[in-house]
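**Student:** This is the structure I have questions about; it appears just below.
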Amino acid sequence: MNFYFAPMEGITGYIYRNAHHRYFPGMDQYFTPFIQPNQNQCLNSKELNDVLPEHNKDVRLVPQILTNDAALFINTSKKLQQMGYNEVNLNLGCPSKTVVTKLRGSGFLGEPELLRTFFEKIFSHLDLQISVKTRIGLSDPEEFCDLLEIYNDFPIKELAIHPRLQTDYYKNTPNLEIFAQACRQSKNPLCYNGDLFTLPSIEQFSGRFPSVDSVMIGRGLLVNPALVMQKKTGALPDKERLRAFHDEIYIGYQSTMSGGKNVLFKMKELWFYLIHSFADSEKYAKKIKKAEKLTAYESIIDDLFSKCDLAFVPKTLPADKPS
């Protein structure tokens, strides 16, 4: 089975990716947090920095693009192709209201004819592989029938389906009946995304859908970065490896960002998920959230790693929004 790391805005940039690949090998592919091209430029400085080949030497990376403008998608894809990328991914999954109201991400799913026209343009003007990450509709699972007809009319390299509606955000449970329908009817290769948090959940999915050989994991890997390594090698995570992973990210942010507050903000984003890998860590979660200086933060992290054991199967997982 192929394992893909789902993109998470604000967290899974190149500093995180490189550290994850170093300490928890086994991922077959990473996706960038979405790129939002505009009329003035294909890539802003942050996005360019994230996709620079020299920042991603050892990882298999697919840039993800968020737009409903075919010309912007084409121009950005060509720019990325010039940098050496042979695949780009279209984001039709982001459920954020600020994205959806602009008919981007999963908001684009509500305009199937515009979406078809968009596909006609991009597939006729680009000679690189195009994959798609999609939800199953805006508010009704029956919307997916028409969407799948559109997808089937184009040579999509891989269709990653998160079987939730836009209105679900990350609540409720993935609609596996709709995903089963896609398995029967899709003319394109499929990838599954949604609530694969633990090894048993991966095994259960594989048992039900043995023909699907690619899965995309987001929150499960943010909570337990060793999840795929465990699946592939049987190796359990350990605190020494996790601490080294943390330290590389922390040092990386310090070397690329100005001001302790900015670094703290980034680390707090990471700990929103990672804290769930530790048993009896509630008080440390509160301390990390309240930390205002790097020295205080470092002391809290030292205590956490020395006093808390890892919880190999987290009791709960935070519901946030991967892109």
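**Student:** Take the Cα coordinates of the stretch 103-165, assign each an equal point scatterer, and use the Debye formula without solvent to give log10 I(q)/I(0) at q = 0.15, 0.19, 0.23, 0.28 Å⁻¹.
**Tutor:** Summing over Cα pairs of the stretch 103-165 leads to -0.42, -0.68, -1.00, -1.41.
**Student:** What is the stretch 237-276 by shape, rounded, prolate or oblate, if you read a ≥ b ≥ c off the alpha carbon gyration tensor as root eigenvalues and call it rounded for a/c under 1.5, prolate for a/b larger than b/c, and oblate otherwise?
**Tutor:** Judged from the Cα gyration tensor, the stretch 237-276 comes out oblate (a/c at least 1.5, b/c at or above a/b).
**Student:** Classify the stretch 157-211: rounded, prolate or oblate, from the alpha-carbon gyration tensor (a ≥ b ≥ c, eigenvalue square roots; a/c under 1.5 rounded; otherwise prolate if a/b is larger than b/c)?
**Tutor:** oblate
**Student:** For the chain, state what percent of all Cα-Cα pairs lands in each successive 10 Å bin, counting from 0 Å until the bin that includes the largest distance.
**Tutor:** Cα pair-distance distribution for the chain, in percent: 5, 27, 34, 24, 9, 1.
**Student:** Order 244-251, 213-220 from most to least packed using the mean count of other Cβ atoms within 10 Å.
**Tutor:** So the peptides 244-251, 213-220, ranked by packing, come out 213-220, 244-251.
**Student:** What whole-number value in Å² describes the accessible area per residue of the chain for a 1.4 Å probe?
**Tutor:** 45
**Student:** Continuing with the same structure: Go through the stretch 53-64 residue by residue and turn each phi into a ³J(HN,Hα) via Karplus (6.51, -1.76, 1.60, θ = phi - 60°); whole Hz please, and just put x for glycine and proline.
**Tutor:** Going residue by residue, I get x, 5, 8, 9, 5, 10, 10, 7, 10, 10, x, 10 Hz, with x marking Gly and Pro.
**Student:** Another one. Please say if the stretch 1-151 is rounded, prolate or oblate, where rounded means a/c under 1.5 for a ≥ b ≥ c the square roots of the C-alpha gyration tensor eigenvalues, and otherwise the choice is prolate for a/b larger than b/c and oblate otherwise?
**Tutor:** Prolate.
**Student:** If you average over every viewing direction, what projected area does the convex hull of the Cα atoms of the stretch 188-295 give, in nm²?
**Tutor:** Computing the convex hull of the Cα atoms and averaging its projections yields 8.9 nm².
**Student:** Can I ask one more? What is the Rg over Rh value, at two decimals, for the stretch 132-231, using alpha-carbon atoms and the Kirkwood definition of Rh?
**Tutor:** Here the Rg-to-Rh quotient is 0.96.
**Student:** Then there is this: Can you tell me the FRET efficiency between Lys157 and Ala235 if r is taken as the Cβ-Cβ distance and R0 is 41 Å, rounded to the nearest 0.05?
**Tutor:** Efficiency, from the Cβ-Cβ distance: 0.85.
**Student:** Only Cα pairs within less than 10 Å get springs; with that Gaussian network setup on the chain, which residue of Ala182, Ala291, Ala226 has the largest fluctuation?
**Tutor:** Of Ala182, Ala291, Ala226, the most mobile in the Gaussian network model is Ala291.
**Student:** Using a probe of 1.4 angstrom, how much of the accessible area of the chain is carbon and sulfur, in percent?
**Tutor:** Ligands and nucleic acids excluded, carbon and sulfur reach 50 percent.
**Student:** Whole-Hz ³J(HN,Hα) for each residue in the stretch 134-151, computed from phi via Karplus 6.51 cos²θ - 1.76 cosθ + 1.60 with θ = phi - 60°, x for glycine and proline: what do you get?
**Tutor:** Per residue, the Karplus-derived 3J(HN,Hα) values read 9, 8, 9, x, 8, 9, 9, x, 5, 4, 5, 4, 5, 5, 5, 4, 5, 4 Hz.
**Student:** Provide Glu120, Glu177 ordered by accessible surface of protein heavy atoms (probe 1.4 Å), highest first.
**Tutor:** Glu177, Glu120
**Student:** Relative to the longest principal axis of the C-alpha atoms of the chain, give the angle of the C-alpha long axis of helix 239-256, reported between 0 and 90° and rounded to the nearest 10°.
**Tutor:** Between helix and principal axis, roughly 70 degrees.
**Student:** Taking the Cβ-Cβ separation of Asp58 and Thr101 as r and a Förster radius of 45 Å, what is the calculated FRET efficiency to the nearest 0.05?
**Tutor:** Calculated transfer efficiency: 0.70.
**Student:** Moving on. So what J values fall out for the stretch 178-194 if you push phi through Karplus, 6.51 cos²θ - 1.76 cosθ + 1.60 with θ = phi - 60°, rounded to Hz, Gly and Pro as x?
**Tutor:** Whole-Hz 3J(HN,Hα) from phi for the stretch 178-194: 5, 5, 4, 4, 4, 4, 6, 10, 5, 8, 10, x, 10, 10, 9, 9, x.
**Student:** Helix 112-125 versus the longest principal axis of the chain: what angle, 0 to 90°, nearest 10, using Cα atoms?
**Tutor:** It works out to around 90 degrees.
**Student:** To test your reading of the geometry: what angle, between 0 and 90 degrees and rounded to tens, separates the Cα axis of helix 294-307 from the longest principal axis of the chain?
**Tutor:** Between the helix axis and the principal axis of the chain, the angle is about 80 degrees.
The values are calculated or read from the model by the stated rules, or taken from the named source; none is laboratory data. Bear in mind that the values here come from a model prediction, so they are computed numbers and not experimental data. No Cβ is skipped: glycine too gets one built from the backbone with ideal geometry, and neighbour counts run over all protein chains shown. Surface areas here come from the heavy atoms of the whole protein model, side chains and all, with no ligands, DNA or RNA. Shrake-Rupley method; radii C 1.70, N 1.55, O 1.52, S 1.80 Å.
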